[in-house]
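Data block below; observations after.
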Amino acid sequence: MYSIAASSFFNPKLPKNLPFHNPNRPLFAIVRSLSVAQEIDKSSEERTESLGLKGLEFPAIKGAKRVVLVRHGQSTWNAEGRIQGSSDFSVLTSKGESQAETSRQMLIDDSFDICFSSPLRRSKRTAEIIWGAREEEIITDSDMREIDLYSFQGLLKHEGQAKYGEAFRQWQIDAPNFIIDGHYPVRELWARAKSCWDKILVHESKSVLVVAHNAVNQALVATAIGLGPEYFRILLQSNCGVSVLDFTPQPEGGTPNICLNRLNQTPGSPVAGGSSAGRKTSKRIVLVCHGVSESDLESSMPYTGNGPLNMLGNIQAQKIAELLLDLKVNTVVSGTKMASVETADTITKVQEAADCLGADCIPRYVETKQIPDLDVESILTQSKKDASGLQNVSSGWLNRLEDDVTTSLWDQSGKSWKHLLYELSKGSDQDNVVIAVGHPALHIAMMGHCLNLTKEWLGSFHLNAGSISVIDFPDGPSGRGVIRCINYTAHLGRWSIPITRSTQADEEY
């Protein structure tokens with residue numbers, strides 16, 4: 001194992017007057033040095049116009065590259081509820097070791113070329129377990145350490161509240177602007193994440209494993225797809241959760257196309273827990289991509305036929321329904337296409353039967369609705385492009401469609417998202433879980449609305465048939481959605497598309 005020292009790029013103190021975007025708008029560029037930060041005093045709109053949409057630049061790559069991010073397993077300080085930051089006193093618990101072993105099994109067939117790891121013991125040990133008997137050395141990089149939290153480190157959360165009061169409250173509710181000991185930890189972390197990507201992308205490798213921490217993995221995902229520090233705690237990273245990013249080269253060189261293939265695929269169920277980023281939540285939307293239908297193979301556009309579920313699609317629907325038994329579902333909504341309706345019906349029947357094992361019991365009622373606004377298939381088929389087979393391409397196939405098609409998709413999905421928020425708002429303060437079944441393109445666009453993005457981000461996400469994505473609302477439907485997972489497919493077992501795969505020279509993701 002060998003190490004990379006902290007980059008000279010990392011600037012420990014950013015100026016207090018560093019401008020930040022409105023939290024409802026993505027940050028398009030990351031400040032790269034103190035001298036640059038001191039020169040920037042324009043409004044966020046001016047910066048957006050001068051730098052261009054998602055203007056953060058990355059090194060050009062020669063071929064497709066897949067990067068798999070894994071957070072370390074549960075540590076002793078995780079279990080104690082102690083603030084770790086970049087300290088190195090905690091180690092993996094027995095549960096953490098078991099989680100790392102589960103992740104190793106999840107990734108055992110992968111042909112990783114290289115592994116980068118944080119030098120902190122909890123991360124390095126997780127990397128060693130997952131890396132197993134592979135001969136290549138693990139590269140430790142100090143820039144991949146956890147967020148620096150300075151005086152907070154080592155405190156139990158109630159101790160932080162008692163000792164730091166208002167500063168601790170700001171850390172909880174306004175982390176991007178949180179300052180301690182003269183530092184802005186989240187802003188520093190986002191700058192450090194950009195440095196990590198520069199080193200990962202210039203490395204001569206096609207398949208990369210990165211084992212690090214909660215906050216730094218959030219920053220790596222966010223900076224890759226052009227989101228700023230205001231998205232801290234919005235893209236969850238659970239212990240040993242796996243996230244996958246695909247990078248494909250541009251024909252003219254420059255920054256590659258970047259797509260988040262999946263977020264936070266965990267060793268355990270993604271719907272069993274009741275908290276998001278440590279905050280309890282009783283409101284949740286689960287986006288379910290319907291199973292494969294008999295007419296999908298005949299369509300020039302992914303999943304746009306209107307046939308019934310085929311054998312694989314029925315298996316996918318049943319597996320989805322079984323996974324969702326960990327939830328008490330209130331409402332299931334779907335579009336009117338056969339594949340969506342049949343998938344929704346399977347979920348509803350399993351939910352209603354779940355609490356009814358005795359002979360005299362009365363099945364629990366689950367409200368079901370078919371909403372035409374959740375149908376986007378007719379919009380996609382307006383495209384003149386032959387996109388057959390693109391459902392297995394993770395490099396953002398929606399970006400290949402004509403502008404008028406993506407505009408219509410974006411507008412329609414905005415209406416669909418409002419429907420879901422309305423359904424979620426029912427039931428006062430009681431638990432409310434809404435399941436939405438539809439086309440992958442619809443769910444990608446609705447996640448974009450949830451994150452307050454624009455249609456230009458449609459190519460930044462990928463979903464497979466039979467996958468689920470989970471969005472929690474700890475502050476209720478009027479608050480910000482927290483993405484618990486995207487494109488989770490572990491429930492499909494042998495019928496799922498693998499998280500990782502071998503990369504041939506002529507293969508395109």
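The values are calculated or read from the model by the stated rules, or taken from the named source; none is laboratory data. Keep in mind the model is a prediction, meaning the values are calculated, not measured. So basically every Cβ, Gly included, is an ideal-geometry build from the backbone, and we count neighbours across all protein chains shown. Quick note on the areas: whole protein, heavy atoms, side chains included, nothing else; ligands and nucleic acids left out. Shrake-Rupley method; radii C 1.70, N 1.55, O 1.52, S 1.80 Å.
Please count how many residues of segment 453-470 are among the aliphatic types (A, V, I, L, M) and not in a loop (DSSP other than H, G, I, E, B).
Selection size over segment 453-470: 3.
Inside segment 267-292, can you point out the residues that are modelled with pLDDT of 90 or more and part of a strand (DSSP E or B)?
Of all residues in segment 267-292, those modelled with pLDDT of 90 or more come to 269-271, 283-292.
The answer is LYS283, ARG284, ILE285, VAL286, LEU287, VAL288, CYS289.
So that you can scan it fast, the table gives a plain yes or no per residue for (1) under 22 Å from VAL242 (Cα atoms); (2) among the aromatic types (Phe, Trp, Tyr):
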| residue | (1), (2) |
| --- | --- |
| SER75 | yes, no |
| ASP88 | no, no |
| PHE116 | yes, yes |
| ARG122 | yes, no |
| ARG125 | yes, no |
| ASP143 | yes, no |
| PHE168 | no, yes |
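Rundown of residues vs (1) farther than 12 Å from VAL437 by Cβ; (2) not in a loop (DSSP other than H, G, I, E, B), yes/no style:
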| site | (1), (2) |
| --- | --- |
| GLY305 | yes, no |
| VAL329 | no, no |
| VAL332 | no, yes |
| THR348 | no, yes |
| ASP373 | yes, yes |
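Restricting attention to segment 300-318, and to residues there that are touching a Ser or Thr at 6+ places or on another chain (Cβ under 7 Å) and within 21 Å of THR348 (Cβ to Cβ), which single residue is modelled with the lowest pLDDT? Explain how you work it out, then say what you get.
Step one: of segment 300-318, the residues touching a Ser or Thr at 6+ places or on another chain (Cβ under 7 Å) are 300-301, 304-310, 313, 317-318.
Okay, now just the ones that are also within 21 Å of THR348 (Cβ to Cβ), so 306-310, 313, 317-318.
Values: ASN306: 86, GLY307: 89, PRO308: 93, LEU309: 95, ASN310: 93, GLY313: 94, ALA317: 97, GLN318: 97.
Ranking the candidates gives ASN306 first.
Output the residues belonging to segment 227-255 that are more than 30 Å from GLY81 (Cα to Cα), open to solvent by less than 10 Å² (accessible area, probe 1.4 Å) and outside any strand (DSSP E or B).
none
Can you pull out the residues in segment 421-445 that are under 17 Å from GLN370 (Cβ atoms) and surrounded by fewer than 24 Cβ atoms within 10 Å (Cβ to Cβ)?
Matches in segment 421-445: TYR422, GLU423.
Test of understanding: among GLY160, GLY132, which residue is open to solvent by less than 10 Å² (accessible area, probe 1.4 Å) and farther than 19 Å from SER243 by Cα?
Numbers: GLY132 fails: open to solvent by less than 10 Å² (accessible area, probe 1.4 Å).
Criteria check complete, one pass: GLY160.
So ASN264 passes all but one of these: (1) at pLDDT 95 or above; (2) in contact with a helix residue (DSSP H, G or I) (Cβ under 8 Å, 6 or more places away or on another chain). Which condition number does it fail?
Only one criterion in (1) at pLDDT 95 or above; (2) in contact with a helix residue (DSSP H, G or I) (Cβ under 8 Å, 6 or more places away or on another chain) is unmet by ASN264, namely (2).
Check off (1) modelled with pLDDT of 95 or more; (2) surrounded by fewer than 23 Cβ atoms within 10 Å (Cβ to Cβ) for MET106 and give me the number that stays unchecked.
All conditions pass for MET106, except number (1).
Name the single residue that is most open to solvent (accessible area, probe 1.4 Å) among those in segment 306-355 being closer than 21 Å to ASP375 by Cβ and without any contact (Cβ under 8 Å) to a residue 24 or more places away in the chain.
Per the criteria, the residue is ASP345.
Working only within segment 219-257, note down all residues that are touching a Lys or Arg at 6+ places or on another chain (Cβ under 6 Å), among the hydrophobic types (A, V, I, L, M, F, W, C) and within 21 Å of ASN452 (Cα to Cα).
Passing the criteria: only LEU236.
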